[in-house]
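Data block below; observations after.
No value in this document is a laboratory result; all are computed from the given coordinates. All figures in this text were calculated on a predicted structure; none of them were measured in a lab. Virtual Cβ from ideal backbone geometry, glycine too; neighbours counted across all protein chains shown.
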Amino acid sequence: MPLRRQLVGFIAVIQSVLFLAHFFIYETWVFALEGTGVARSFGTALALGALSISFVTASLLAFRYTNPVVRGLYKLSAVWMGLLSFLLFGAIGAWTIFGASRLMRVDLNFHWIVEILFALAMALGAVGLLNAGCTRITRATVRLANLPETWRGRRAALVSDLHLGHVRNNGFLRRIVASILNEEPDTVFIVGDLFDGTAIDALQAAEPLKQLVAPQGVYFVAGNHEQFRSDGKFLDAVAAAGVRVLNDEKVEVDGLQIVGVSYRNAVHRSRFGSLLNALGIEQARASVLLTHAPDHPDIAEAAGVSMQVSGHTHLGQFVPWSWIARRVYRQFVYGLSRIGRMMVFTSSGAGTWGPPLRLGSNPEIVLLEFQ
């Protein structure tokens with residue numbers, strides 16, 4: 001019961017924030033129209049009121065149902081959430097410019113300021129929508145100490161955060177699989193959030209993974225979206241497609257130690273450290289750790305891991321949230337970095353969560369070449 005009350009409280013806070021954001025945008029637009037002869041529009045207010053509750057409503061439905069109506073509602077509300085972010089900052093920018101002009105005694109037309117910034121916001125949203133559908137191939141070379149001779153020159157495809165659900169489904173996964181196979185990697189690492197965690201036919205969604213094969217195997221670890229609740233149906237679907245699920249375990253692959261720790265255990269510092277130590281990672285031999293989020297790379301480095309590969313951050317997905325992601329994850333927010341003796345690669349992910357927009361980040365598949 002306490003957990004349910006916390007959930008209700010969280011939803012109420014989110015809904016209140018969304019309502020206030022819509023109200024602020026509406027009042028900005030109305031104020032901009034003063035003196036133009038255009039009266040307040042009840043229809044506009046009603047439409048924004050409906051939009052203000054659309055995403056929370058669609059999200060709650062998406063966790064229980066999967067049908068064309070729910071999927072359509074979720075897609076539309078998710079797109080609107082992205083546009084809302086740009087419009088909100090456009091409104092803030094308009095008032096900032098207006099206030100500064102008043103302080104400097106410069107007469108600026110507030111109506112034109114709002115129109116220009118709102119038009120720019122919508123244009124940026126459109127660019128973000130298009131960019132989110134263009135998956136890139138990112139290439140990087142990593143040099144690991146004590147790498148087995150057999151692994152020198154081999155390549156691993158790293159993919160994360162596809163978020164299969166109500167926005168993207170197995171058609172998207174099929175395209176990702178085709179892109180990976182075209183690169184002919186020696187192994188494939190899928191580091192979580194393959195699914196969005198919403199209601200879905202997981203077996204059908206994961207079916208394209210049956211085509212994903214690599215000489216040294218395909219490996220998967222669970223992310224936070226698989227583990228919102230029980231992760232059983234998601235892990236079973238991945239395993240049924242022929243992918244090796246690493247559920248807090250280590251495997252030996254031609255002399256390389258490949259370790260997988262699920263998000264649920266990796267997010268807690270002490271549990272993460274204890275589990276890695278219990279797995280018996282040999283520090284004198286090269287190892288690659290698959291874990292969804294780059295939350296505690298110092299713990300992995302202390303356990304003797306040679307390289308950690310992760311996703312989760314989405315690089316903030318689009319501005320200005322990308323700036324916040326950089327503040328939270330610092331050097332580990334994206335790309336290749338180092339902590340002590342350990343290399344870290346964090347992918348921005350192939351899909352999106354919530355708004356299907358990317359601006360300031362690109363969807364990607366990463367090709368890592370070992371040296």
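List of remarks:
- Residue in segment 195-203 that is outside any helix (DSSP H, G or I) and surrounded by 24 or more Cβ atoms within 10 Å (Cβ to Cβ) present: yes
- Every pair of residues 6+ apart whose Cβ atoms lie under 9 Å, when the first sits in segment 118-137 and is at positive phi while the second is part of a helix (DSSP H, G or I) and of a type in the set (Gly, Ala, Ser): none
- For segment 315-351, a residue qualifies if it is touching a Ser or Thr at 6+ places or on another chain (Cβ under 6 Å), of a type in the set (Phe, Trp, Tyr) and closer than 15 Å to Ala140 by Cβ, and the qualifying residues are Phe332, Tyr334.
- Qualifying residue in segment 24-35 (condition: over 23 Å from Phe318 (Cα atoms), part of a helix (DSSP H, G or I) and among the charged types (D, E, K, R)): yes
- Counted residues, segment 151-185 - those being surrounded by fewer than 24 Cβ atoms within 10 Å (Cβ to Cβ) and closer than 10 Å to Phe370 by Cα: 5
- Within segment 341-354, residues that are without any contact (Cβ under 8 Å) to a residue 12 or more places away in the chain and at negative phi have Cβ atoms under 8 Å from residues that are surrounded by fewer than 24 Cβ atoms within 10 Å (Cβ to Cβ) and aliphatic (A, V, I, L, M) in no pair, counting only partners at least 6 apart in sequence or on another chain.
- Residues in segment 96-139 that are more than 24 Å from Pro363 (Cα to Cα), in contact with a helix residue (DSSP H, G or I) (Cβ under 7 Å, 6 or more places away or on another chain), among the hydrophobic types (A, V, I, L, M, F, W, C) and assigned to a helix (DSSP H, G or I): 7 in all.
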